[in-house]
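Taking it in order: structure first as C-alpha cells, then the write-up.
The values are calculated or read from the model by the stated rules, or taken from the named source; none is laboratory data. Values in this document were obtained by computation on a predicted structure and should not be read as measured data. Note that we place each Cβ from the backbone using ideal geometry, even for glycine, and neighbour counts take in every protein chain shown. For the accessible areas, the whole protein counts, side chains as well, though only heavy atoms, and no ligand, DNA or RNA atoms are used. Shrake-Rupley method; radii C 1.70, N 1.55, O 1.52, S 1.80 Å.
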Amino acid sequence: MDNLIALAQLNPISGDVEYNKNKACNYIKQAVEKNAALIVFPELFLVGYPLGDILTRYPIIAKQAKEALDEIKQYSDKIDILIGYPEINPNNYQKPYYNSIAYIKQGRIEKIIRKTLLANYQEHNDYRYFESYIEHQDRIIEVMGKKFGVVVCEDSWNDNEFFEKNLYAIDPVEKLKGRIDALICPSSSCSRVKKEQLKNNLAKFIAKKYNIKYIYINQTGANDELVYEGLSRVYNEKGEVIACAQAFSEELLVFDYEKGGNIAPYYRRIEKEEKPIKKFTLDYSSDLERTYLALVTSIKDYFSKTGFKKAVLGLSGGLDSTICACLLADALKKENVLGVSMPACITSKESKDDAKVLACNLGINFIEVPIVDMQMAQTQKFSDIFSTIPKGFIENKGSYVQDNIQARLRAMVLWGIANKYEKTLTIATSDKSELYMGYATINGDMSGGFAPICDVVKTKLFALANWMNENRAQKNAIPRSIIEKPPGAELAINPKTKKPLIAADALMPYEFLDEVIWRIENLNQSIDDMEKEEFLYEKKENITKTQKTLWLQKFFKRLKGALYKWYIVPVGPLIDSKSINKIEYKQPIVSNIDY
C-alpha cells in the first residue's frame, strides 16, 4: 500500500444521517481506489454541524449515527477510518453526548477520541449539548508505522505561547508532546474575516513548536448562518504547507505522507502571516474573494438544503439589490432568479433604467410592476383610518408612514409571486450598516426568507461590486452608474434639495458610520471613547468636533431604536469577525445602556 492519506473535505446536511453516511461510504471507496491507508472526515460529520437543539429534542439522530458507524465498519478492511459523530453519554448527571471521533480499523471501532475543549463563544454553543471529556484518554493511533495524535477542532486552540489569553486550563496538544509524529485535527470551523489567517498561523506554530506534521481537515458548505471554507491542509515539521484542498468546495485530498500533494491556488492568498488589524480601513481587497465565495456558498446551500429552487427580489437600481442579484445569479443560475422593478411616485428614471440594464447584463428574468396606483390607494385608505383614531393618540411628527407604505407594498408583491409559484423564495436585501441604524423597513426591504448581505457593511459592498465586475466570469455586469450613485431608498423627498433623500443625508456618511460599527465590534468602544479617537473620515474630510458628536449621538440613538429589528432579520450568513446576527449576538431589546 502507498504512503497515502485521504482528507474527505465534504458538505454534510445537518440531521440527515442517511445522506451523510452514504456520502462517507462513497468517499471511502474512492480513497481505497487511490490506495490510501487512512481517510479522515470532519468533526461530527455523520450528523452535520451544527445541529442545534434537534440533537437533544430528537435523540433518534444519535442512534442513527451509531447505526451508521456499524455500516461504515464494513468498508474498513482495506483502509483505516476517522469519522466524527455524537457519542451517547451513559452518565445521567452530565450532558447527553460527547463530541467524538471513531477510529475504525479492520471491521471494528478500535478507539474513540472525545473532544475536551468545547467552544462556547460567538456562534458556538457546544456546551449546551456536549460533555467535555477531561479524563485521561488515549488519543494516539498508529498508521503506516507512524503515530498520529487526534484532537478535535477546539482542542488545538489553547496554546499558551500562541494566544495572549487562554480560555481553558488544559491543552490537549501539549499532552501529546514528544509522543507523536503528526497531529490530526478534524474540524468544523466556519469562515470569518481574518480567521483563515489565524488558523493558518496557529497550525504553522504548532507544527514547528512540536516538530510534527499537522493535518487539518475542515468541512465545507453552509448551514444557515455558518459558512465553512474547507481549505483542509497539511503542514510539515517546518510549518510549511505541503498539501491543501480547494476553498468552499468538496474534495477528496489525497497526499503522500512524506511528499505532500496538491496545493490549491487560493491558499497562496493566506500564506503570508497577518496579524489582526487594529485600525479601521476601507481597503477590503484581501477579503473580497473570500466574502464573495462565502456569500455564494451560503445562498447555494440554503436553497439546495431547504428545497427552494428559485429566488425573487426587488431590483431598485441600488447597490444592495444589485449585489444580491449578482450573487443569486451565480449561486442559483440566472434562469432561477427573478428581478422585479417596482417604481413608485418618486422613483427616478435612472433607477428604473439601472435595474433593467443590470437584469439584462446578468441574464436573469425581469419584470416591472409599477406600484403608484397601489401607493395612492393605500395612502387614501390610511387617511380614512387615521381619521377614526380615538383622541389620546399623539401623532408622530417624524412619521415614516408614506415611506413604509412603499416598502411594504413592494414586499407584498414579491411575496405574492413567491407564494404563487412553487419552490420560490423572496430575498431580503438589507445590509449590515443600515440594520445597525434601523434604516430598513419591517415587512418591507427586511422581509424575505434569506438575507445574504445582512453581515456586510455598505463600504465593503461598494468594494465588492468593483471586485465582481473584474473577477466574475461575466465582466462589468454591474453598471458604473449604480456603483457611483449615492445610496438612497427613494422613499421620500429631501426638503432641502427637493430631490429623493439619499441615505447619507438621512444617516451620516457611510465611511464614518462603518467605522463606528467596526469600533464597537472590534474595540468595544463607547461613544466617549470614539469622541477621543480620530476617525479615518476625519483625516479625509474637514468636519468639526460638533458634527462628529452629532453623528455619534445619532448613531447610538438609532441603534437603541433598532434592537427589535435585529431579531426580525431573516437568516443570513456570518461574514465579519463580529456580528449582530442573532446566532452570535444577544442583547435584550428592553436594555437601556448609556453607550
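Taking only the range 193-214 into account, find how many residues are open to solvent by 10 Å² or more (accessible area, probe 1.4 Å) and assigned to a loop (DSSP other than H, G, I, E, B).
So the count comes out to 3.
Confirm whether Ala31 is open to solvent by less than 60 Å² (accessible area, probe 1.4 Å), farther than 20 Å from Ala222 by Cα and assigned to a helix (DSSP H, G or I).
Values: open to solvent by less than 60 Å² (accessible area, probe 1.4 Å): yes; farther than 20 Å from Ala222 by Cα: yes; assigned to a helix (DSSP H, G or I): yes.
So Ala31 fits the description; yes.
Being within 26 Å of Glu237 (Cβ to Cβ), in contact (Cβ under 8 Å) with a residue 60 or more places away in the chain and not in a loop (DSSP other than H, G, I, E, B): is that true of Leu82 here? Give the steps one after another, and end with the answer.
Details: within 26 Å of Glu237 (Cβ to Cβ): yes; in contact (Cβ under 8 Å) with a residue 60 or more places away in the chain: yes; not in a loop (DSSP other than H, G, I, E, B): yes.
For Leu82, the condition - within 26 Å of Glu237 (Cβ to Cβ), in contact (Cβ under 8 Å) with a residue 60 or more places away in the chain and not in a loop (DSSP other than H, G, I, E, B) - is met.
Being among the acidic types (Asp, Glu), over 30 Å from Asp256 (Cβ atoms) and touching a helix residue (DSSP H, G or I) at 6+ places or on another chain (Cβ under 9 Å) narrows it down to one residue among Glu161, Glu131, Glu154; which is it?
Numbers: Glu131 fails: touching a helix residue (DSSP H, G or I) at 6+ places or on another chain (Cβ under 9 Å); Glu154 fails: over 30 Å from Asp256 (Cβ atoms).
On inspection, the qualifying residue turns out to be Glu161.
From the list Lys381, Lys391, which one is part of a loop (DSSP other than H, G, I, E, B), among the basic types (Lys, Arg), surrounded by fewer than 22 Cβ atoms within 10 Å (Cβ to Cβ) and free of Cβ contacts under 8 Å to residues at least 60 places away in the same chain?
Values: Lys381 fails: part of a loop (DSSP other than H, G, I, E, B).
Sole residue among the options that is part of a loop (DSSP other than H, G, I, E, B), among the basic types (Lys, Arg), surrounded by fewer than 22 Cβ atoms within 10 Å (Cβ to Cβ) and free of Cβ contacts under 8 Å to residues at least 60 places away in the same chain: Lys391.
Looking only at residues in the range 115-139 that are open to solvent by less than 30 Å² (accessible area, probe 1.4 Å) and not in a loop (DSSP other than H, G, I, E, B), which one is nearest to Tyr97 (Cα to Cα)?
Result: Phe130.
Which condition number in (1) surrounded by fewer than 23 Cβ atoms within 10 Å (Cβ to Cβ); (2) over 21 Å from the mean Cα position of the chain (by Cα); (3) among the aliphatic types (A, V, I, L, M) is the one that Val296 fails?
Of (1) surrounded by fewer than 23 Cβ atoms within 10 Å (Cβ to Cβ); (2) over 21 Å from the mean Cα position of the chain (by Cα); (3) among the aliphatic types (A, V, I, L, M), only one is false for Val296: (2).
What is the one condition in (1) within 27 Å of the chain's Cα centre (by Cα); (2) open to solvent by less than 70 Å² (accessible area, probe 1.4 Å); (3) closer than 30 Å to Gly444 by Cα that Pro500 does not satisfy?
With (1) within 27 Å of the chain's Cα centre (by Cα); (2) open to solvent by less than 70 Å² (accessible area, probe 1.4 Å); (3) closer than 30 Å to Gly444 by Cα applied to Pro500, the lone miss is (1).
Pick from Ala68, Ala62: which is closer than 25 Å to Glu225 by Cα and assigned to a helix (DSSP H, G or I)? Quick ask: steps written out before the conclusion?
On the way: Ala68 fails: closer than 25 Å to Glu225 by Cα.
The conditions single out Ala62.
Determine which member of the set Ser187, Ser132, Ser191, Ser100 is hydroxyl-bearing (Ser, Thr, Tyr) and touching a Cys at 6+ places or on another chain (Cβ under 6 Å).
Working: Ser132 fails: touching a Cys at 6+ places or on another chain (Cβ under 6 Å); Ser191 fails: touching a Cys at 6+ places or on another chain (Cβ under 6 Å); Ser100 fails: touching a Cys at 6+ places or on another chain (Cβ under 6 Å).
From the options Ser187, Ser132, Ser191, Ser100, the qualifying one is Ser187.
Hey, any hits in the range 403-423 for a residue that's surrounded by fewer than 22 Cβ atoms within 10 Å (Cβ to Cβ) and at pLDDT below 90?
Yes, there is a match, as at least one residue in the range 403-423 is surrounded by fewer than 22 Cβ atoms within 10 Å (Cβ to Cβ) and at pLDDT below 90.
Within the range 553-568, identify whether any single residue is modelled with pLDDT under 95, among the basic types (Lys, Arg) and open to solvent by less than 40 Å² (accessible area, probe 1.4 Å), and answer yes or no.
Among the residues of the range 553-568, at least one is modelled with pLDDT under 95, among the basic types (Lys, Arg) and open to solvent by less than 40 Å² (accessible area, probe 1.4 Å), which makes the answer yes.
So how many residues does the range 352-378 have that are in contact with a helix residue (DSSP H, G or I) (Cβ under 9 Å, 6 or more places away or on another chain), over 14 Å from Ile405 (Cβ atoms) and in a helix (DSSP H, G or I)?
So the count comes out to 7.
Mind counting the residues in the range 215-248 that are more than 15 Å from the chain's Cα centre (by Cα) and open to solvent by 10 Å² or more (accessible area, probe 1.4 Å)?
Qualifying residue count, the range 215-248: 8.
Considering only the range 441-496, how many residues are under 23 Å from Gly363 (Cα atoms), polar (S, T, N, Q) and open to solvent by less than 30 Å² (accessible area, probe 1.4 Å)?
1
Report whether or not Ser316 is surrounded by 21 or more Cβ atoms within 10 Å (Cβ to Cβ), within 26 Å of the chain's Cα centre (by Cα) and modelled with pLDDT under 95. Steps first, answer last, please.
Values: surrounded by 21 or more Cβ atoms within 10 Å (Cβ to Cβ): yes; within 26 Å of the chain's Cα centre (by Cα): yes; modelled with pLDDT under 95: yes.
Yes, satisfied.
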